[in-house]
């Protein structure tokens, strides 16, 4: 449904890198989506997730409408676009996390829609060019064209249905106005209704995957499913002012979902995945690296004041490594954003620290900087790979392929392939004919043997009849 025009939502790939790029394009800072493979405490507690996105093979649920709530303080939107369920689920989670930096545009969207009903919020998402452009920027060109074709097909089908109903109404009106001769009554026979093609199509299970969200908000844990009338309460937290321990509340509900939609514990085909919204790894690692970079600078300034020859007293290997451990030329420019108060307190400690402990603290700072630099470089490489994959995914290769095939055809390079294809098709046809002839020959031989067996059996019965006494012979 679209009220303002523009391209519809297209299908995007279900990938953590794609969804992380989506949040960045929406303006959310310091956030990443990662895939998790276990919901046990040892696998997820250290991540401190803000929310979860659960993707599963959708089947119709049996929840009653009375089980769902519509609290005013929980931001919830219904899904009104078929190919935007992931974006709806992510937004339902993001807009219920007050600790996240949503960015100017998304925060403005939240403020403008907070008083709307869930259906109107869903329409607002569908008709927001800002959200739709961010979503479609990650879709393949073929999927964008497919979404336009789907709208065209839906419009044509609706028009055909409308014309058909109008014709049926006209036929009914003609039948009611034209007098009929009464027909003689005949006994009614019960008929079994034959299934039509439409009923067969609807009865067949379709491969449809759906995204829902889990988020702690306002003292409770909520399941946010855009296809349901409202949020579903999973459980209560210890306090409304904290979200600690919310995974202990959500874990039983997740196990039930996995058992229901994943086919059980012994299922061979797992049809679900789980994503966690966590703090951005690059921002966290970069802040830590900046922390130790500042640590080294303050320590060296203090040691220059107390001992001018301190460089000869530290490990020379660390002195050489320090020249590279605090240098990241390929890293994007970023200021030190988190832990400012902690850094100021640490600077005060260094100014009053004993001179004999400064060398050991400097060596520790260099070792920590080496460790955090590796993490920062890994995150930069991961972001580079995600960007490369996005460019490959969204690039339109169709014009190049069409032009390439046309050039091959003009230069006559496709004729050889066509001749090979024709020869292969002819060879397969001859092989198929040979197999048919062999099957017919074998069938004829079997029939001949069966006839001979019947004749032999009749002759044996005749011989037996001649040896019997006249009174017991067959007549």
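Rule-based calculations on the coordinates, nothing more; no lab input. For clarity, every value in this text was computed on a predicted model and none was experimentally measured. Cβ placement follows ideal geometry from the backbone for every residue including glycine, while neighbour counts extend to all protein chains displayed.
Worth pointing out:
- Model label sites at residue 157 and residue 129, defined 7 Å from Cα along the beta-carbon direction, differ in position by 3.0 nm.
- For the stretch 283-394, relative contact order (Cα pairs under 8 Å, six or more residues apart, normalised by length) works out to 51 percent.
- Modelled FRET efficiency - R0 30 Å, residue 350 with residue 38, Cβ distances, 0.05 increments: 0.10
- Cβ crowding within 10 Å, taken as a proxy for footprinting-reagent exposure, orders 88, 73, 409 from fewest neighbours to most as 73, 409, 88.
- Residue separation of residue 433 and residue 377 scaled by 0.36 nm, minus their Cα-Cα distance, works out to 13.8 nm of gained length.
- Neighbour counts of other Cβ atoms within 10 Å put 34, 391 in the fewest-to-most order 391, 34.
- Proxy reagent accessibility, fewest Cβ within 10 Å first, across 50, 135: 50, 135
- Pairwise label distance in nanometres, residue 424 with residue 442, each label 7 Å out on the Cα-Cβ vector: 2.7
- Working from label points 7 Å from Cα in the Cα-to-Cβ sense, the residue 306 to residue 415 distance is 8.8 nm.
- Net lengthening on full extension, residue 104/residue 256 (0.36 nm per residue, minus Cα-Cα): 51.0 nm
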